[in-house]
Amino acid sequence: MTMPYYVAPEQVMKDRAEYAQKGIARGRSLIAAIYKDGILLVAENPSHTLHKISEIYDRVAFAGVGKYNEFDQLRVAGIRHADTKGYTYSREDVDARSLANVYAQYLGQVFTHEMKPLEVEILVAELGDVQENNRLYQITYDGTVVDQEAFAVLGGEAETIADRISHSITPDAPLKKALSACVNALQGPDRQLTSNELEVGALDRNLHRRFFRRLEEPELSKLLK
């Protein structure tokens, strides 16, 4: 009987991490940023039907980068979890922190025990009654949760894009200025992104009950001028 090859656990984890990182890096990036009236989510996405940004619940939004079918399954699961919890208890009991923990546990479980990790990085955002209570939870492929403050960047070239936006956005910026800062950070100095190449959503404190909205044409083109 032949003996199976031995691979050190550290090497297995390293290989899985590299595999997931390469898959995520191939995807186009996404920025979530806190602005004056809420939380803005801006993604480079030429598709008008395959969304990276979505509403989860009244004050909670979801964003994902990487392999579309994998993060879309997580989006659907998050909506079901939030609906069940809101129906069983109350709508106020649905929050981003508990949802982020559920995602983290699932992603960590898959990363540790399955042959192939999920090639995704996701974000759960929650709009607070006041700006200080806004929440941005970034969850990586291995289940790590990072509580971001002013902004979060997901996808390829995250460090470069984060450096760009850190110098150009403030939490008290109005929508137009915040959108411009996000788009400039995504496109960099060497190219120009148009409204047709962007997917933009916002958790807007000026709305009532359901605070998520998409910024569509012609509003988006007007804001980008």
Length-normalised contact order of the chain in % [C-alpha pairs under 8 Å, at least 6 apart]: 29
Above-threshold pairs, the threshold being 19 Å between Cα atoms, out of Lys52/Lys177; Lys67/Lys177; Lys176/Lys222; Lys14/Lys52; Lys14/Lys116; Lys52/Lys225: Lys52/Lys177; Lys67/Lys177; Lys14/Lys52; Lys52/Lys225
For Lys225, net neighbour charge (Lys/Arg +1, Asp/Glu -1) across residues whose Cβ lies under 14 Å away: +1
Magnitude of the charge dipole, region 9-224, Cβ model with Lys/Arg +1 and Asp/Glu -1, debye to 20: 380
Base-10 log of normalised Debye intensity for the chain (one unit scatterer per alpha-carbon) at q = 0.11, 0.13, 0.14, 0.15 Å⁻¹: -0.54, -0.73, -0.84, -0.96
Taking Ser166, Ser195, Ser47, Ser180 and counting other C-beta atoms within 10 Å, the order from fewest to most: Ser47, Ser166, Ser180, Ser195
Formal net charge of residues neighbouring Arg75 (Cβ-Cβ distance under 12 Å; K, R +1; D, E -1): -1
FRET efficiency for Asp83 and Gln105, using Cβ-Cβ distance with R0 set to 22 Å, rounded to 0.05: 0.70
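Bear in mind these aren't lab numbers, they're just calculated from the coordinates by the rules spelled out. Because the structure is a prediction, the values reported are computed rather than measured. Methodologically, a virtual Cβ is constructed for each residue, glycine included, from the backbone with ideal geometry; neighbour enumeration extends over all protein chains shown.
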